[in-house]
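The values are calculated or read from the model by the stated rules, or taken from the named source; none is laboratory data. Predicted model, so just to flag it, every value in this text is computed and none were measured. Cβ atoms come from the backbone with ideal geometry, glycine included; neighbour counts cover every protein chain shown. Keep in mind that these areas ignore ligands, DNA and RNA; they rest on the heavy atoms of the full protein, side chains included. Shrake-Rupley method; radii C 1.70, N 1.55, O 1.52, S 1.80 Å.
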Amino acid sequence: MVEALLAQGERGVVLGGRSEAALRALSEKHGGLPWRVADALEPSTLGPLVSGAHVVISTAGPFTTYGEPVVRAALAAGAHFLDTTGEQAYMARILERYHGAAVEKRVAVVNAQAFEFALGYSAAALLAEWDPAIHTIDVFNRVYGFGATRGTQQSALRQAVEAALVRKGGRLTPRGLSPVPEWVTWPDTGKREPAAPFPGGEALHLVRSHPEVLNVTTNLAMPARV
């Protein structure tokens, strides 16, 4: 994340995290960036962390544990907020609790800007714009060969026990688990692989830009041997 921001020409980057040693090392790696020690589970440290910030970017998961206090701190500071969560239950809670406050303060609170839901949502939105008559969109994620941090692993485990919400007939509803996977033929390879329902962000967020899309699901492809 830090490398990407600097590559975009951002010069006001301030690092934040729990470990002073890790922050110091990351700062030195990038030419002496300023840093501030804070812990999402100690709210008194978050005000000084976000003080003066225009945008707060949170990458510390699992977000069900660490995400919401940082959202509150960003709103209190009048800063925009962006995170990299993949946890649907957390996303739904943030929309329910903080949408009104974000509108009132005229700031954006944007969840799920990691590679999975950001790309899926963007593709779905482009499809909806291309054909306004579309009322059903099923998003399929096919990702191989990437690692995961401890926080990401914990998030994935929590997702596995959450009821996946989908948009059906314009309403959010639990999808439930199907005993039979859905088989998908990929247009680029012609290969057929199974896919299972996954608690995605598209069912929560697509309705805000495209309310005419009444049915939205997110699915995760996996190798057939799984």
Exercise for the section: For the stretch 15-108, just the Cα set please: Rg and Dmax, both in angstrom. Expected result: 13.5, 40
Exercise for the section: For n ≥ 4 DSSP H runs only, could you compute -39500 (n - 2.57) per run for the chain, divide by its residues and tell me the 222 nm figure to the nearest 500? Expected result: -12000 deg cm²/dmol
Practice task
Please give the length that would be gained between Arg24 and Ala101 if that part of the chain were fully extended, namely 0.36 nm times their separation in residues minus their C-alpha to C-alpha distance (nm, one decimal).
Solution key: 24.3 nm
Practice task
For the chain, report the accessible area per residue in Å² (1.4 Å probe, heavy atoms, rounded to an integer).
Solution key: 58 Å²
Handout entry: Volume in Å³ per residue [convex hull over Cα atoms, computed for the chain]
Key = 154 Å³
Practice task
With the full set of protein chains in place, find how many percent of the accessible area of the stretch 1-105 is carbon and sulfur; take the probe as 1.4 Å.
Solution key: 53 percent
Completion exercise
Per the 1/(1 + (r/R0)^6) rule, R0 = 25 Å and r from the Cβ atoms of Asp188 and Asp131, FRET efficiency to 0.05 is 0.75
Fill in the blank from the handout: For the chain, the longest principal axis of the Cα atoms and the Cα long axis of helix 20-29 enclose an angle in degrees, to the nearest 10, of 90 degrees
